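Below is one structure; the comments refer to it alone.
Every number here is computed from the coordinates shown, using simple stated rules; none is lab data. Only a predicted model underlies this, so the values are computations on that prediction, with no experimental measurement involved. When we count neighbours, we look across all protein chains shown, and the Cβ atoms used for this are built from the backbone with ideal geometry, even at glycine.
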Amino acid sequence: MNKPHNKSTQGRLPFHQPDKKSLIQGGAIVLIIGCTPLIYYAYESFPSDSKVWETFLFTFTTKYPSLYQYAWFLTGKIIPVILLLIWFFTCKHWWHWIILVPLSMYVFQLINILKQSFDVDEVEIIYLIPIMMVVIPFVYLIRAKLFSQMRQDDLKSFEEELLQKRSFGQQLRDLFR
């Protein structure tokens, strides 16, 4: 005996119950994202008039004018790194590799802050350019291959198209067609 189809569920995939592992991972991600304002504003608990932080475990001295400023710089770089890492590892789109460019920029800035170097936003471009030279063409080739497959072109015609001589304006128009 055939069961009649319900129009409200017709054409949809059946409801999928998430397993315990994905619920725990999702809950951890939600908790981390939800706590980012608390992590960011943690710098306010540092003293604004001292360069030394002494505890029974360690003594920390900063080159910055105060621990307050050092913590402000540190949290200002840690939060974007955390959020970009979550975005990179949870994104299911084909272009998610391009997230590595801003992520690497923030990581280089964070390393400079941890080294207590004052040229935080000046040096990382030197290290970022080689990463961009690898990631950007890689992502563009993925895009080109996807669009080529969507148009039912074979790779031979795709290579012929790349070898055609075109003006700069024609190349820009081809990029956005």
**Report entry** At most 11 other Cβ within 10 Å, DSSP loop - trypsin sites (Lys or Arg not before Pro), region 68-143
**Finding:** LYS92, LYS115
**Report entry** Packing-based order for 128-140, 59-71, using average beta carbon neighbours within 10 Å, highest first
**Finding:** 59-71, 128-140
Query raised in the report: How much length is gained on full extension from LEU141 to THR90, taking 0.36 nm per residue of separation minus their Cα-Cα distance?
Result: 16.2 nm
Requested in this report: Using a 10 Å cut-off on Cβ atoms, rank the peptides 23-30, 101-108 from the highest mean neighbour count down.
Outcome: 101-108, 23-30
Requested in this report: Kindly state, to the nearest 0.05, the FRET efficiency for TYR64 paired with ILE32, given R0 = 30 Å and r defined as their beta-carbon distance.
Outcome: 0.65
Query raised in the report: Quick one: LEU110, LEU85, LEU141, fewest Cβ neighbours within 10 Å first, how do they rank?
Result: LEU141, LEU85, LEU110
Requested in this report: Round to the nearest 0.05 the FRET efficiency obtained for TRP97 and ILE39 when R0 = 30 Å and r is the Cβ-Cβ distance.
Outcome: 0.70
Query raised in the report: Points 7 angstrom from Cα along the Cβ direction at LEU114 and GLN25: gap in nanometres?
Result: 2.5
